[in-house]
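Beneath this line is the structure, given in structure tokens, with notes to follow.
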Amino acid sequence: APNLLPPLRPSRFCPSGEDAVKDLPPRRPRPEPGEARCQKSVTSRNQEEPIRACMNYVGNRSLCSATEAKVNDRSEQPKAKISVTFVDKDGDETVINVPIGMSMLEAAHENDIELEGACEGSLACSTCHVIVTDVDYYNKLEDPEDEENDMLDLAFGLTETSRLGCQVIASPELDGIRLALPAATRNFAVDGHVPKPH
Ligand code: FES
């Protein structure tokens, strides 16, 4: 019998039209009236469209679940916040969570930690001076710019691991960093000087 089916055309399930059906199995005979078939075929005008619809549907579903699995797997993603400990001049510690990308000066202010920051981070003062208590963490920081070094030279109680709090930006590798406020330097043997007997 001659094939009287209308030509294939793009549909909302298969925007590319003919190309998408090249690999389909040969046409199946038209179902008898009342025969169970794909639900999507109910509103279709020819036999091929529902098949394309089904295959695309299944294809998209598997793509979706794969993407979903990737999105749900958050174990690989870096933490959104890091833990930072501020040590005040009395040696009291305050542990705060700092969002990635936030400066230590902002974080201190948000958590009522006494770090002044007179110029609000524009590298025009040294009142946000902090001391990184662990040299390993200090070495993870970006090198200070000249402007920061110039300001640090004016800071009270400068140490080898001094930085300006407004220039230290939270990043995943700084998780666990400890920052001492400068007045506490009196309590730290920061210069390694050990008095020798005469
Ligand atoms: Fe002034 Fe950091 S707040 S240099």
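Among (1) buried (at least 17 other Cβ atoms within 10 Å of the Cβ); (2) free of Cβ contacts under 8 Å to residues at least 40 places away in the same chain; (3) away from the ligand (no atom under 16 Å from the Cβ), there is one condition Ser162 misses while meeting the rest; what is its number?
The one condition Ser162 does not meet is (3).
Kindly list, by first and then second residue, each pair from a residue in the stretch 123-148 that is away from the ligand (no atom under 16 Å from the Cβ) to a residue that is modelled with pLDDT of 95 or more and of a type in the set (Asp, Glu), limited to pairs with Cβ atoms under 7 Å and residues at least 6 apart or on different chains.
Going by the 7 Å Cβ cut-off, the qualifying pairs are Lys140/Glu173.
Report whether or not Glu68 is at pLDDT 95 or above, acidic (Asp, Glu) and under 27 Å from the mean Cα position of the chain (by Cα).
Here the answer is no, as Glu68 does not meet what is asked.
Only one residue in Arg178, Arg163 is at pLDDT 95 or above, in a strand (DSSP E or B) and over 23 Å from the mean Cα position of the chain (by Cα), so which one is that?
Of Arg178, Arg163, the one residue that is at pLDDT 95 or above, in a strand (DSSP E or B) and over 23 Å from the mean Cα position of the chain (by Cα) is Arg163.
Answer with yes or no whether Asn111 is closer than 16 Å to Leu179 by Cα and not charged (D, E, K, R).
yes
Please count how many residues of the stretch 95-115 are of a type in the set (S, T, N, Q) and either in a strand (DSSP E or B) or near the ligand (Cβ under 10 Å from one of its atoms) (or both).
Adding up the residues that qualify gives 2.
Given the conditions (1) near the ligand (Cβ under 9 Å from one of its atoms); (2) touching a residue at least 12 places away in the same chain (Cβ under 8 Å), which single one is not true for Ala118?
Here Ala118 meets the rest and fails (2).
The values are calculated or read from the model by the stated rules, or taken from the named source; none is laboratory data. Keep in mind that what you see is a predicted model, and the values were worked out from it rather than measured. Neighbour counts run over all protein chains shown; Cβ positions are idealised from the backbone, glycine included.
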